[in-house]
Every structure is written in C-alpha cells, then in structure tokens.
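Data first, discussion second: the structure below is written as structure tokens.
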Amino acid sequence: MLTFHGPRQKYCDGVSRRSFLKIGGFALGAVGGVTLSDILQAQAASGSRSSHKAVINIFLGGGPPHQDMWDIKTEAPVEIRGEFKPISTKVAGIQIGECFPRIAAAMDKFVAIRSVVGCAGGHDAYQCVTGWRRGALASLGGPPAIGSAVARLKGAIDPAVPATVGLAEPTRHAPWSESGQPGFLGDAYRPFKPNGQMMSDLKLNMTPERLQDRKGLLTELSRIRRWGEQQAKQTGGLNAFTAEAFDVLTSSRLVDALDLTKEDPKTLARYGDGKPYQYQYDGAPTCNDHLLIARRLVEVGVRSVTLSFGRWDSHGANFDLVRDHGGKLDQCVSALVEDLDERGMLDDVTVVVWGEFGRTPKINPKAGRDHWPQVSCALLAGGGMRTGQVIGSTNRLGEHAESRPVHMEEIVATIYRNLGIDTMSTTLVDPTGRPQFLLERREAIRELI
C-alpha cells in the first residue's frame, strides 16, 4: 500500500489528507484490503479487459439537410432540389452530394442511411446519444447515454482512462453540446469532459508552495518506481498487476491523447482544423481536430467518444452553410475513417454522423430550410458492418421515407451491437431494483450485420 507523507490536514469525516491519498492511491476504498492491483487482476481473470470495441458519435447539431448531403433530389422542382448536384462514388450506382468528394472516393467504407425516422423534433442531441425521447423514464432519472451504459456494462479498458468522453465544445444553445447523461446509473458513469470542471484536476494550477508539495509527490513516486525496479531484479519480476498499478498512478495517457502537439504534423494537416469557424452563432464550431482527438482517445482505451460538429440549423443561407460545413466535414470524416483503417482499428470502431432531424423539402424565402422531423439521414462507417451501401429512400420530394424506414433506435441498437452488447437481452438495474432494457426498439439494422 502506498503512503504519501505530508501535512496532517483533518477533514470533516476525520480522515487526514495523508490518509486520503493512501486510500485513493492503491487501496481505492481499502475496505477489506482490496487494492488496485487486486482489481486489475480480477478484471483480467474475468476477461472484461480483453476487448476494445468503441464508438465515435459525431452529432451535427441543428439538423442537417438530408437532401443536400446523401440524398440529392435531381428530379424535384427547383424550389425543392436546391443548388447541389450529385457526384458518383467509389461504389457503382451510389451518388451523394457534391460537397463530399473525399467521402465519395471512400464510399466502400461508408453506409448512407436516407430514411431515418422517429425523430422527436427536439433541438438537442438527446436521441442521438441515448436512443430515447427526452422525458422517457423520467421518474427514474432518465435512461443512460450510450457511453454511460457501456461504461457500466464493460468498464474501463485502462483504469487511468475514462470509458466515456464528451468532446463537445460548450454552446450557447446548451443542448447542442450535450455529451449524454448517466441517467438512472448516477454520476459515477457521467462522461468525462476535457473542457469541463474535471479537466482542471489534470492541469498544473498551483501556488509555489503547492508546487513544492507536487515536486515532493513526484519524488516519492520516482522513489517507489525505483523500489519496484529493484524488487523486480531481486525477485525475478513484480506481479504484473502491481506493476500496472504503478503505471496507473503516473499515467499521462489521457492528457497525452488530448495533446495534438504530440501528433504527426502530416496527420494534423490531413484532418484540418475546420477554421475559420463560420455560421456558428449559438452552436458548435467546426472542430475538425476533435475527430483526430477522438481517434487518439480510442487508441488509449476510451470506449465512447461523443462530439458536436458545427451548427446546421440553416433557416437561412442553407447552401452557403452546407458548402462551408460540408467541405470541412468531408475532410475530417474521410480522414478519420482512412486513419482508423490504416491503423487496423476500423472494424473495432463504429463511426456515426447524424443530427436530431432533417430539414424541409421546400426552400424558404431566405434560401434556407426549416425543421423537418418526418425524415432525416445518417452516415456510418467501421464497426465490422457491411459497408459500401445505401439503406432506404425518400419520395421524389424528400418528404418522407418511401422504402425501408430506419428508426433512430435501430441505429443506436446497431452501435450497441458493434460494441459487443446484445440489446435484445441486456438490461440495467434501475434505482427501484427493476431491470431496464437499453432501448424500447432493440433490433440492430439487419442490412449491416
């Protein structure tokens, strides 16, 4: 067990600061003498740390225009068709909007869903991060977001790295930066937000006196590591889980993953930075580099990354907005999928690009499109899915799903399936002690299996 020497500062529960560090270090709630090393060993024995499936959930806050992206309506009247032309893709017979040439060139790795239904119409990410309509299970605290449920069911890959992370920049319309709530699971499963309060614990923000204490702490950790190395020489090696516990205490994996100065400049250029930020208003910026950070987070063990890209609420200047946002999205999403593929990660990482609803078929007098929850769209990649296809269609005017309507919950069920979770049988226990299914509609998209 690890003990740090320092000033004895008593808290209201009678525990000194020195004791707290001791409990929070290796003991992690030392009731019964359970140490971090013990927990790591138990996880390995149960096989719960052997798999690493992940999801990167890219939310297009505001509602992307389906008929200007993956479902160009060439036969519709001009007041509906809009300004964009379709372009051919790598997959014969599939065309998408002209603003997405890079995705078109890699269409064999993507799936476009043109017939997403079940949108509640709320201006928020709630359905995209939970699969439920807002207000469901309200008496219990609400359903958990995908990342929170996965954190509860699968646990952390690395104890030093959170299972679920929300990268969304704070927005003036706060629901557009929603990374998902833990619902009835409680705060222990809340997504880690690097831009939130929790990140302050990872940054050096101390008085000179506290800095000296930190230096002492690092000195102590270095001494302990040297002790461990000496023990390994004398005994032929430390217990593997004890060694890993040492690593956790001094781990910088999360901070390093968030630090793009450690990335290859060629890779940074490949993703782009999404600047200058245009049409942001009360929404999210077009942070291309967030997709690169998402890949880096998955690499170090994060299971679920949620981010918000751009502001797609195009009541005016819809086509100018899509040219700006679409071109940037095309660059970073294609770079992410190609990057994951080159690193051998694509089959294990599901990428989802979607918003809360679609937009009106008819163009308004401000050259914009308004809210249209009747039908929307989604773009998926990776996850071991059968890609290189289009699922569903809308009618000639893009008003409603004409063939194979795909409910939003089916997409979330597919995400869970790709993460190794069977939504047909898996439940979580709510605060009343009753089991709750992850979704009401629990079947994954059959065409992708």
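The values are calculated or read from the model by the stated rules, or taken from the named source; none is laboratory data. Treat the numbers as computed from the prediction; the structure is a model and nothing was measured. No Cβ is skipped: glycine too gets one built from the backbone with ideal geometry, and neighbour counts run over all protein chains shown.
Selection of strands (runs of 3 or more DSSP E) fully inside the stretch 380-432 by the criterion of at least 2 residues being over 23 Å from Ile56 (Cβ atoms) and modelled with pLDDT of 95 or more returns 401-403, 427-429.
Residue count for the stretch 102-122 satisfying the condition of being in contact with a strand residue (DSSP E or B) (Cβ under 8 Å, 6 or more places away or on another chain) and either among the hydrophobic types (A, V, I, L, M, F, W, C) or farther than 18 Å from Cys377 by Cα (or both): 10.
Just one of (1) out of contact with any Cys (no Cβ under 7 Å at 6 or more places or on another chain); (2) in a loop (DSSP other than H, G, I, E, B); (3) at pLDDT 95 or above fails for Asp71. It is (1).
Taking the stretch 414-447 on its own, how many of its residues are surrounded by fewer than 16 Cβ atoms within 10 Å (Cβ to Cβ) and of a type in the set (D, E, K, R)? Residues in the stretch 414-447 being surrounded by fewer than 16 Cβ atoms within 10 Å (Cβ to Cβ) and of a type in the set (D, E, K, R): 6 in total. The residue that is surrounded by the most Cβ atoms within 10 Å (Cβ to Cβ), among those in the stretch 62-85 that are closer than 17 Å to Glu356 by Cα and touching a Phe, Trp or Tyr at 6+ places or on another chain (Cβ under 6 Å), is Pro64. Just to be sure before I move on: is Asp108 at pLDDT 95 or above and in a loop (DSSP other than H, G, I, E, B) in the structure I sent? No: the conditions fail for Asp108. Filtered by the rule that a residue be more than 24 Å from Phe309 (Cα to Cα) and either among the charged types (D, E, K, R) or modelled with pLDDT under 95 (or both), the stretch 141-179 gives Arg152, Lys154, Gly155, Ala156, Ile157, Asp158, Pro159, Ala160. Restricting attention to the stretch 136-162, which residues are part of a helix (DSSP H, G or I) and either out of contact with any strand residue (DSSP E or B) (no Cβ under 9 Å at 6 or more places or on another chain) or among the aromatic types (Phe, Trp, Tyr) (or both)? Hits for the stretch 136-162 are Ala138, Ser139, Lys154.
Any residue at all in the stretch 83-103 that's under 28 Å from His173 (Cα atoms), among the aliphatic types (A, V, I, L, M), assigned to a strand (DSSP E or B) and touching a Pro at 6+ places or on another chain (Cβ under 9 Å)?
no
Of the residues making up the stretch 168-180, just one is closer than 26 Å to Gln436 by Cβ and surrounded by fewer than 22 Cβ atoms within 10 Å (Cβ to Cβ), namely Pro175. Just one of the listed residues (Gly384, Gly368) is over 28 Å from Arg303 (Cα atoms) and of a type outside the set (Ser, Thr, Tyr), and it is Gly368.
Once the stretch 285-324 is narrowed to residues that are out of contact with any Asp or Glu (no Cβ under 8 Å at 6 or more places or on another chain) and in a strand (DSSP E or B), the residue that is nearest to Gly147 (Cα to Cα) is Ser304. When Val352 is tested against (1) closer than 30 Å to Gly183 by Cα; (2) surrounded by fewer than 15 Cβ atoms within 10 Å (Cβ to Cβ), just one condition goes unmet, and that condition is (2).
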